[in-house]
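Beneath this line is the structure, given in structure tokens, with notes to follow.
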Amino acid sequence: MPICIECRYPVKTLYTEYSGADDKSSGHGVRLTVCKNCGRFCDKYVEHDYVVLFIDLVLIKPQVYRHLLHNTLMREHDQFDPSIMRLGILFLLFDVYLTWARIEKQTSSSASMDEPSKRNFLLLAQQPIVFQYIFFLILCALSTLAFHLSIRILSSSPYSPLILFGLIPRYPRPNSVSTALLVSSSTKLFPILMVIWDYDVPAAARSLGWAVVANNVEALKILLGCGYGTAAILASVGAISRWMVGRGVLWCVGLDGVDPVGDSGVAPDGKALWALVELGREWGGRLGMG
């Protein structure tokens with residue numbers, strides 16, 4: 001059932017469509033429903049295009065998340081929307097290319113990396129290009145799968161410790177959780193600019209990590225109806241799982257000297273999240289002393 005994106009009040013319809021309305025995004029022949037609870041339009045984004053949606057996603061506006069997660073992408077029987085599946089594939093392909101480029105750059109320029117890791121990467125680089133692509137595809141796919149599965153289990157499984165301790169109610173739509181994570185990860189598209197401009201990749205990855213973590217936390221909070229603390233815990237577990245799986249895959253092929261967080265981009269959001277936790281602990285200690 002759709003909701004008002006301003007006050008989350010359930011509504012029957014978001015707009016009334018009149019005859020001759022070929023495209024509701026143009027605003028012709030469409031009248032938006034006014035919420036009986038707050039007196040504002042139930043969903044103003046019905047008339048907005050994808051550019052406005054993307055900008056508001058980057059700005060972390062709760063209304064656009066409610067529009068996408070509750071009024072647009074929610075499907076019966078917890079099915080994935082086709083557009084979300086395409087978005088997930090696009091993210092995966094971006095991760096493959098960027099991870100490949102960053103690991104290659106780190107291996108060729110890092111003086112502190114041990115010789116076995118450099119030698120193993122050179123052996124990998126001598127393999128056919130298809131073999132290399134499959135390796136990085138598996139690396140990114142397993143890391144992404146670990147990120148989604150860990151959060152899905154914690155939010156949807158009846159055996160989740162968060163659910164058992166009453167921190168969050170059980171959310172019986174795990175695919176919707178993955179949808180929220182994919183939508184809130186739209187800022188991951190920005191690193192494609194690294195192909196055009198050469199700048200400090202580690203600093204860019206850390207900045208991107210902050211943005212991705214903030215969006216993930218906001219999306220989980222809105223979808224699950226929990227607090228920021230619980231949403232941060234879910235994002236933390238997901239980021240740690242992503243980092244561990246990425247590190248484990250690199251270790252299995254002898255690339256344990258490669259730092260997947262620092263340069264490769266397998267989990268820059270994990271590093272940013274740990275920095276956020278450490279900053280919170282530091283400020284908490286100062287407030288406690290004060």
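Taken over the range 225-268, the residue count meeting the criterion of being buried (at least 24 other Cβ atoms within 10 Å of the Cβ) and either on the phi > 0 side of the Ramachandran plot or at pLDDT 85 or above (or both) is 7.
Yes or no: the range 127-140 includes at least one residue that is at pLDDT 85 or above and within 19 Å of SER236 (Cα to Cα). Taking every residue of the range 127-140 in turn, at least one turns out to be at pLDDT 85 or above and within 19 Å of SER236 (Cα to Cα). As a summary of the residue check, ARG102 satisfies the conditions (1) out of contact with any Gly (no Cβ under 7 Å at 6 or more places or on another chain); (2) in a helix (DSSP H, G or I); (3) of a type in the set (Lys, Arg) except for the one numbered (1). Restricting attention to the range 34-84, the residues being in contact with a strand residue (DSSP E or B) (Cβ under 6 Å, 6 or more places away or on another chain) and not aliphatic (A, V, I, L, M) number 2.
Can you find a residue that is under 16 Å from the mean Cα position of the chain (by Cα), assigned to a helix (DSSP H, G or I) and charged (D, E, K, R) anywhere in the range 77-87? Yes.
Output the residues belonging to the range 58-71 that are at pLDDT below 85 and in a helix (DSSP H, G or I). I'd like the intermediate steps shown before the answer.
Applying the first criterion (at pLDDT below 85) to the range 58-71 yields 58-60.
The one that is at pLDDT below 85 and in a helix (DSSP H, G or I): VAL58.
Please verify whether the range 195-214 includes one or more residues that are closer than 25 Å to GLU115 by Cα, assigned by TED's automatic domain parsing to the domain that holds THR107, modelled with pLDDT of 70 or more and not hydrophobic (A, V, I, L, M, F, W, C). No, the range 195-214 contains no residue that is closer than 25 Å to GLU115 by Cα, assigned by TED's automatic domain parsing to the domain that holds THR107, modelled with pLDDT of 70 or more and not hydrophobic (A, V, I, L, M, F, W, C). Within the range 38-61, residues that are touching a residue at least 40 places away in the same chain (Cβ under 8 Å) and among the hydroxyl-bearing types (Ser, Thr, Tyr) reach partners that are surrounded by 13 or more Cβ atoms within 10 Å (Cβ to Cβ) and in a loop (DSSP other than H, G, I, E, B) with beta carbons closer than 8 Å, at six or more positions or on different chains, in the pairs TYR45/ILE5. Per the conditions (1) under 22 Å from ILE222 (Cα atoms); (2) surrounded by 13 or more Cβ atoms within 10 Å (Cβ to Cβ); (3) in contact (Cβ under 8 Å) with a residue 12 or more places away in the chain; (4) not assigned by TED's automatic domain parsing to the domain that holds LEU223, the sole criterion not satisfied by GLY88 is (4).
Would you call SER186 in the same structural domain as ILE84 (by TED's automatic domain parsing), within 16 Å of LEU59 (Cβ to Cβ) and modelled with pLDDT under 70? Step through it out loud before you land on a result.
Details: in the same structural domain as ILE84 (by TED's automatic domain parsing): yes; within 16 Å of LEU59 (Cβ to Cβ): yes; modelled with pLDDT under 70: no.
Taking the combined requirement at face value, the residue does not satisfy it.
Within the range 27-86, the set of residues being among the acidic types (Asp, Glu) and on the phi > 0 side of the Ramachandran plot comprises ASP78 only.
The values are calculated or read from the model by the stated rules, or taken from the named source; none is laboratory data. All figures in this text were calculated on a predicted structure; none of them were measured in a lab. Every residue, glycine among them, receives a Cβ derived from its backbone with ideal geometry; neighbour counts consider all protein chains shown.
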